[in-house]
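S.K.: Here you go, one structure.
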Amino acid sequence: MTNGTIPAGIPDDALFILNPAIIWLCDEFGSVGFYRIPGQSAPVRRFTMLETDILEHLSTGATKAEILNRFDVEPSALTRFMESLDIWGEGALRWQNKQESQALADHNRLIAAARLRDIAMAMAAKADENDQFHKAQLTDAQRQFDQIETTISHIFREPHVALDDRSYGQAFCDWLITSGQMKSSCKIIEIGCGLGYFAKAILDRLEAVYPDIYDGLSYTLFDLSPELQAAQKSNCSRHAGKTHFVSGNIETHDFEDQRFDLALSNEVIADLSVATISLDNIQSGSPQSEAEIIAQDYQLDCVPIAQGNQRLAVINFGAIKMLQNVDKCLNENGYAVVTEYGSLDQSPKAVRFSNHDEYTVHFGQLEQVAQQLGIYHNRGTMGDMIGFNSNCETIRMESLRTLCDCLLPYLGRQSLPVLAYTPVSLKDALGELMDRIGNLQFLRLDDPASFSPFRFELLSLSRASQKGA
Ligand SMILES: C[S@@+](CC[C@H](N)C(=O)[O-])C[C@H]1O[C@@H](n2cnc3c(N)ncnc32)[C@H](O)[C@@H]1O
């Protein structure tokens, strides 16, 4: 498999795969193409009628031989067209050789190299970068979630067919109630609240459907970012009598004698700090840093990284500090729910956004910490726990971003809110225009290439009983 220039001698049975971030707008002469590459954009480009037909064919995956058979085009002209796509924008077209073993070996080598690079980036992380970013550099709250990063709770903030016509916050609220984690006179703290949509959905839902619980409720929104906290205050203003706003860093904040019944942290802990530790220091019984002491105390299962003759590892230091803090501020019968993108046993890796880095979470280590704090836990994918319908098809993020950032502005049309559109809801939003757009891709929610709740973990912690909820 290759990503680079398309070589002239590509075998006829090579499979071409068009980048999902390319879309085009058909007109009477052919089409106008758009390609958004994160952090940049390829220039708007015209395609002839024939080229548009070829693109249409490529969008579902096609071999060179199939295209040559179907269209009246010389092999050299087809090669030139394919090369021109790559010149237009890097990575526009990939081709996959039928010689499986070689292609697979190349592919696996690329994945392994990317994994090492992402782990190396996590090892280079600075302890205070999250603090700096959220306090000083995050200056446009809405843009942050619409154009730079996004969360499941953000794209499912409107009622959605995958959640039986409820928003993510509403479905989450129902799940908290049915699993017994939210009862009357509940004191809730939400840690890391983004634009406040999640809090608002929970408060709206309680008011409308569970008024007894809403009556005695107190909801604290805890956050590090002044910009986001201003958005939270505005979005939750209708519930002013119930809400409290606290600024702070959850890794270090001292709650003194404040106690809560329920702590929620939805898609936050990837922001928190990571630390590199020496497994040799721990093994020899001489930890040198707070992170090494933590790893030793909780006997964390770390993924070793060999560097020279040293054995190092990366841990989600900030997430562990948050669990310790939650443990201190929860009431005796309290609950906590933590969700994030991650896995059970893999080393934290950097995920790079245009203005900050985040880190995947090793949930196995968080479970070890919970166990040793004496908090009972239960874990599953967010998709399964909250009850997303995995069959539901939603727009691929790459398609949506090119649509919102390139095609709609080109037409002078207002951009769409960033949501998990289904084919039906996108048609509602775009009307007839949708029929003229090529390569808008939709994926099932359980497809690994989709931005999916089934790729997120949900850890439910309980001080109340022998079992997590
Ligand atoms: C990715 S957003 C998630 C927002 C929201 N929970 C949602 O699901 O859409 C992360 C949030 O956590 C906050 N945050 C990041 N680091 C934090 C920290 N150390 N202490 C408190 N809040 C933090 C950010 O300001 C932001 O509001």
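The values are calculated or read from the model by the stated rules, or taken from the named source; none is laboratory data. Quick caveat, the model's predicted, so the values are computed rather than measured. Note that each Cβ is placed from the backbone with ideal geometry, even for glycine, and that neighbours are counted across all protein chains shown. For accessibility, only protein heavy atoms count, side chains too; no ligands or nucleic acids. Shrake-Rupley method; radii C 1.70, N 1.55, O 1.52, S 1.80 Å.
S.K.: Which value in nm describes the separation of the simple spin-label points at Asp435 and Arg143, placed 7 Å from the Cα toward the beta carbon?
M.R.: 3.7 nm
S.K.: Which percentage, to the nearest 5, of the DSSP beta bridges contained in the chain is antiparallel? Working shown, then result.
M.R.: On the way: 49 of 70 bridges.
About 70 percent, rounded to the nearest 5.
S.K.: So, one more: What does the charge add up to near Thr48, with Lys and Arg as +1, Asp and Glu as -1, over the other residues with Cβ less than 14 Å from its Cβ? List each step's numbers first, then the result.
M.R.: Values: positive: Arg45, Arg46, Arg80; negative: Asp27, Glu28, Glu51, Asp53, Glu56, Asp72.
For residues surrounding Thr48, the net value is -3.
S.K.: Which cross-chain or sequence-distant (5 or more) residues have an amide H under 5 Å from the amide H of Val246, H modelled 1.01 Å from N in plane?
M.R.: Those qualifying (amide H under 5 Å, at least 5 residues apart or on another chain) are Leu221, Phe222, Asp223.
S.K.: Could you pull out every one of the lysines with an alpha carbon less than 30 Å from that of Lys187, ignoring same-chain neighbours closer than 8 positions?
M.R.: Lys135, Lys200, Lys233, Lys242, Lys321, Lys328, Lys467
S.K.: Can you give the helix-only mean residue ellipticity at 222 nm for the chain, where every DSSP H stretch with n ≥ 4 adds -39500 (n - 2.57) and the sum goes over all residues, rounded to the nearest 500 deg cm²/dmol? Please list the in-between numbers first.
M.R.: Values: 17 runs with 158 residues, N = 469.
Helix-only estimate at 222 nm: -9500 deg cm²/dmol.
S.K.: Let me ask another. What does the charge count around Ala275 come to, taking other residues whose C-beta lies under 13 Å from its C-beta (Lys +1, Arg +1, Asp -1, Glu -1)? Can you show the working numbers first?
M.R.: Values: positive: Lys126, Lys321; negative: Asp128, Glu129, Glu251, Glu290, Glu292.
Local net charge: -3.
S.K.: Please determine, in degrees from 0 to 90 and to the nearest 10, the orientation of helix 226-235 with respect to the longest principal axis defined by the Cα atoms of the chain, where the helix direction is its Cα long axis.
M.R.: Between the helix axis and the principal axis of the chain, the angle is about 90 degrees.
S.K.: Taking all protein chains together and a probe of 1.4 Å, list Arg396, Arg94, Arg115 from the most accessible to the least accessible. All intermediate terms of the calculation are to be shown ahead of the outcome.
M.R.: On the way: Arg396 45, Arg94 70, Arg115 95 Å².
Highest to lowest solvent-accessible surface, that is Arg115, Arg94, Arg396.
S.K.: Right, something else. Gain in length, Glu256 to Arg80, computed as 0.36 nm per residue apart minus the alpha-carbon separation, to one decimal in nm?
M.R.: Details: separation 176, 0.36 × 176 = 63.36 nm, distance 6.82 nm.
Using 0.36 nm per residue and subtracting the Cα-Cα distance, I get 56.5 nm.
S.K.: So what's the net charge close to Thr339: Lys and Arg +1, Asp and Glu -1, counting the other residues with Cβ under 9 Å from its Cβ?
M.R.: Working: positive: none; negative: Glu267, Glu340, Glu457.
Spelling it out: positives minus negatives among the neighbours equals -3.
S.K.: What is the calculated FRET efficiency for Val161 to Ser286, with r their C-beta to C-beta distance and R₀ = 45 Å, to the nearest 0.05?
M.R.: Details: r = 57 Å, r/R0 = 1.26.
Between Val161 and Ser286 the formula returns 0.20.
S.K.: Points 7 angstrom from Cα along the Cβ direction at Ser390 and Ser415: gap in nanometres?
M.R.: Each label point is offset 7 Å from its Cα along the Cβ direction, giving 3.3 nm.
S.K.: Express the accessible area of the chain per residue in Å², computed with a 1.4 Å probe while the remaining protein chains stay in the model. If you can, show how the numbers build up before the last one.
M.R.: Values: 20720 Å² over 469 residues.
Here the per-residue accessible area is 44 Å².
S.K.: Can you give the extra length, in nm with one decimal, that the chain gains between Glu129 and Arg117 once fully stretched, where that is 0.36 nm per residue apart less the Cα-Cα distance? Numbers along the way, then the final one.
M.R.: Details: separation 12, 0.36 × 12 = 4.32 nm, distance 1.89 nm.
Gain on extension, Glu129 to Arg117, equals 2.4 nm.
S.K.: Taking 8 Å as the Cα distance limit and 6 or more residues as the minimum spacing, I'd like the relative contact order of the range 313-392 as a percentage.
M.R.: Values: 69 pairs, mean separation 22.1, N = 80.
That works out to 28 percent.
S.K.: I've got another one for you. Output wanted: per-residue J couplings in Hz (rounded whole) for the range 287-299, from phi through Karplus 6.51 cos²θ - 1.76 cosθ + 1.60, θ = phi - 60°, x for Gly and Pro.
M.R.: Working through the residues one at a time gives x, 10, 9, 4, 5, 5, 5, 4, 4, 6, 4, 8, 6 Hz.
S.K.: How high is the relative contact order of the chain, in percent, with contacts defined as C-alpha pairs under 8 Å that are six or more residues apart? Write out the running numbers ahead of the final one.
M.R.: Details: 867 pairs, mean separation 80.4, N = 469.
Over the chain, the number comes to 17 percent.
S.K.: Using only Cα atoms, tell me the angle between helix 363-373 and the longest principal axis of the chain; keep it within 0 to 90° and round to the nearest 10.
M.R.: With both axes taken from Cα atoms, the answer is about 0 degrees.
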